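The values are calculated or read from the model by the stated rules, or taken from the named source; none is laboratory data. Quick caveat: nothing in here was measured; it's all calculated off a predicted structure. For neighbour counting, all protein chains shown are included, and Cβ atoms are generated from backbone atoms with ideal geometry for every residue, glycine included. Areas reflect the complete protein model, heavy atoms only, side chains present, ligands, DNA and RNA absent. Shrake-Rupley method; radii C 1.70, N 1.55, O 1.52, S 1.80 Å.
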Amino acid sequence: GGRYAVHASPAHGSSVLVVGGGIAGVSSAYFLAKQGYAVTVLDQAPDLGPGAVSASACNAGWHRPQQHSPLTSPKYVWLALTSLPRPEGSSALCVCPQYFLMDPEWLRFGVRFLTASLSGSLRRATSAVNLELSQFSAEMLHRVAQEEGIRDDEWDREDIGWHNVCLDNPELVSTLAEGADQARAEGFPSTVHESSEAQSLCSGSGYSKRVQGMVYEEQPFIGDCQKFVQCLAAVSVRRYGAQFVHNAEAVQLHSEADRITGVQTADGREFTADLVVLANGAWAPRLAATAGVSLPVIPTKGYTIEMPLPEKVRNTLGPAPSLFPHSNLAVTVFASKTFSLDKKSGCTARIRFATGAEFSPMEAPSRPAMIEYLRRAAKEVAPKVLAPSIDAAKVRVGARPQTPDDLPIVSGTKYSNLYVNTGGGSYGWRWGCGMSAMLARLVTGTDLYRTQHPMPALAGTSLERFRLQPYLRRLLGRPGCGAAVARAPPLLPSPA
């Protein structure tokens with residue numbers, strides 16, 4: 001139980017050191033700086049520009065709260081098992097069993113993931129928290145952008161819905177229709193288009209005759225996560241005095257008694273603050289382990305390519321944003337009005353293809369078979385004129401921080417002044433602002449906004465939920481198991 005303990009008396013303070021320059025780290029810095037803390041952000045990248053290679057820069061760019069079924073399910077366990085004998089790169093899922101067998105932390109993760117997938121009560125509870133956090137986070141994102149004057153065109157935000165396009169397999173259409181029925185029952189407008197109607201809507205694309213059906217969801221919106229991170233970082237510095245230190249890879253936590261006394265970077269510098277927040281995604285477990293804190297998070301790598309999209313080609317692309325479930329390929333078009341991507345063509349739009357869920361350590365190199373899978377899946381649905389660009393495009397790999405129960409970790413730790421904000425997995429962009437608002441609530445004891453959608457209970461994202469006894473109660477669906485892991489944050493005064 002000690003490995004997942006949370007200190008009973010969180011520390012006071014007026015300065016915060018946030019490790020991580022992605023959506024979790026920057027939004028954590030924003031919320032804390034806005035409440036008066038002196039915030040310093042350590043980021044291992046040279047800057048927060050569009051060339052950043054992180055999970056925040058490599059996602060599909062979707063905000064889609066109606067998709068809240070957890071990754072922990074018998075379906076995904078079966079997909080993982082059936083993928084093992086097949087050649088690598090034959091599907092979007094890549095599970096490397098040697099890592100789970102060689103590393104005790106990975107083995108422990110695998111056992112927890114399997115048991116969470118087989119527990120109906122835990123899956124239902126996870127789904128409910130997923131939806132609650134998704135709706136709360138979307139509201140927080142809108143509030144922050146509106147209050148800080150971050151325009152939609154600065155981060156390519158558009159309310160254009162979302163499409164699930166079924167190719168070749170008519171049996172899959174009924175599954176998509178069931179999902180649409182559930183979404184409508186939960187208040188999310190969704191429309192099912194049968195084969196002929198769907199083919200008409202995809203006319204002009206190279207795959208229109210293969211379309212068996214399509215679901216259109218009205219409420220999802222898109223936005224470039226990395227561009228939003230840039231905007232929010234600028235606001236945090238200009239208005240609230242946050243400081244960013246780049247080229248600062250945190251490698252060691254120094255501790256004394258029940259406190260973290262410093263964070264050391266790879267080049268030997270040491271940074272100190274009253275409070276420390278680990279918001280560095282899939283890198284967080286390794287850093288936390290230097291102080292004896294165990295975080296059940298492993299990297300799930302996604303592969304992405306992006307390129308300019310001429311207007312004449314856009315008309316032959318088909319609907320976007322869209323998901324092609326047979327290959328699990330996500331296609332998103334960002335219609336930027338703020339800059340030109342290609343000086344020769346004057347393109348202001350860009351297309352992003354994303355797929356892949358590769359379970360492998362941070363230090364493992366990109367897998368050629370997964371890169372080829374992405375290129376092949378993209379060329380299958382993209383206009384033929386883009387094929388050379390797809391073959392030549394640089395592939396970016398982002399490591400998503402995945403927990404074994406598919407919920408984030410927003411929590412204190414066994415140290416009175418060390419906090420964690422990570423584990424967003426596939427939903428890091430969707431959950432980022434909400435997770436960081438929860439982190440600020442945990443640190444300060446106060447809510448920055450009154451929201452229409454309630455903030456999820458902090459007990460549901462506490463590190464303590466992974467202690468054996470609370471975890472078993474959650475698996476069995478015992479009443480009151482949330483209270484058993486809850487530790488209500490005290491109402492700490494914000495710094496002057």
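Could you tell me the accessible area of residue 193 in Å² (1.4 Å probe, neighbours in place), rounded to the nearest ten?
20 Å²
Which sequence of 48, 107, 329, 476 reflects their accessible areas, 1.4 Å probe, from the largest down?
Working: 48 20, 107 90, 329 0, 476 115 Å².
Largest accessible area first, the list is 476, 107, 48, 329.
Sort largest first and round to whole Å: the equivalent ellipsoid semi-axes of the stretch 1-51, each the square root of five times a Cα gyration tensor eigenvalue.
Values: eigenvalues 124, 54, 15 Å².
The equivalent ellipsoid of the stretch 1-51 has semi-axes of 25, 16, 9 Å.
For the Cα atoms of the chain, what angle does the longest principal axis make with the long axis of helix 104-118, in degrees from 0 to 90, nearest 10?
60 degrees
Quick one: net charge of residue 150's neighbours, Cβ under 13 Å, K/R +1, D/E -1?
Surrounding charge for residue 150 is -1.
Calculate I(q)/I(0) for the stretch 105-189 by the Debye formula, one identical point scatterer on each C-alpha and no solvent, and give its log10 at q = 0.14, 0.16, 0.19, 0.22 Å⁻¹ to two decimals.
-0.87, -1.00, -1.07, -1.10
Check each of the GluC sites (Glu not before Pro) in the stretch 345-410 and keep only those in coil by DSSP with at most 10 other C-beta atoms within 10 angstrom; list them in order.
Hits after loop and neighbour filter: 363.
Which of the residue pairs 34/394; 209/394; 75/301 have a Cα-Cα distance greater than 28 Å in the structure shown?
Details: 34/394 37 Å; 209/394 30 Å; 75/301 20 Å.
Violating the 28 Å Cα-Cα cut-off are 34/394; 209/394.
Taking R0 as 30 Å, what FRET efficiency do you get between residue 450 and residue 121 from their Cβ-Cβ distance, rounded to the nearest 0.05?
Efficiency at R0 = 30 Å is approximately 0.40.
P(r) of the chain in 20 Å steps, Cα pairs, percent per bin?
Going from the shortest bin to the longest, the percentages are 24, 59, 18, 0.
How long is the stretch 55-146 along each principal axis, judged by its Cα atoms, biggest number first, in Å?
Over the stretch 55-146, Cα extents along the principal axes are 49, 32, 24 Å.
Which percent, nearest 5, of DSSP beta bridges in the chain are antiparallel?
If we restrict to bridges inside the chain, about 70 percent are antiparallel.
Let me check I've understood the local charge: for residue 426, count other residues with C-beta under 12 angstrom from its C-beta, Lys and Arg +1, Asp and Glu -1. What total comes out?
Numbers: positive: 64, 301, 400, 430; negative: 406.
After counting each charged neighbour, the total is +3.
What percent does the relative contact order of the stretch 362-430 come to when contacts are Cα pairs within less than 8 Å and at least six residues apart?
Normalised by residue count, the contact order of the stretch 362-430 is 24 percent.
Suppose the chain between residue 266 and residue 47 were pulled fully straight at 0.36 nm per residue; how much longer would it get relative to their current alpha carbon spacing?
Answer, rounded to one decimal: 77.2 nm.
Applying a 10 Å radius around every beta-carbon, put 13-25, 230-242, 296-308 in order of their mean neighbour count, most first.
Sorting 13-25, 230-242, 296-308 by mean packing, highest first, produces 13-25, 296-308, 230-242.
Take 140, 362 and sort them by solvent-accessible surface of the protein heavy atoms, 1.4 Å probe, largest at the top.
Details: 140 5, 362 45 Å².
Largest accessible area first, the list is 362, 140.
With every protein chain in place, what's the accessible area of residue 473 (1.4 Å probe, Å², nearest 10)?
Near enough 60 Å² of accessible area.
Note the full-extension length gain between residue 77 and residue 168 as 0.36 nm times their separation in residues minus their Cα-Cα distance, in nm to one decimal.
Answer, rounded to one decimal: 30.3 nm.
Provide Rg and Dmax in Å for the stretch 153-232, with only Cα atoms included in the calculation.
15.1, 44
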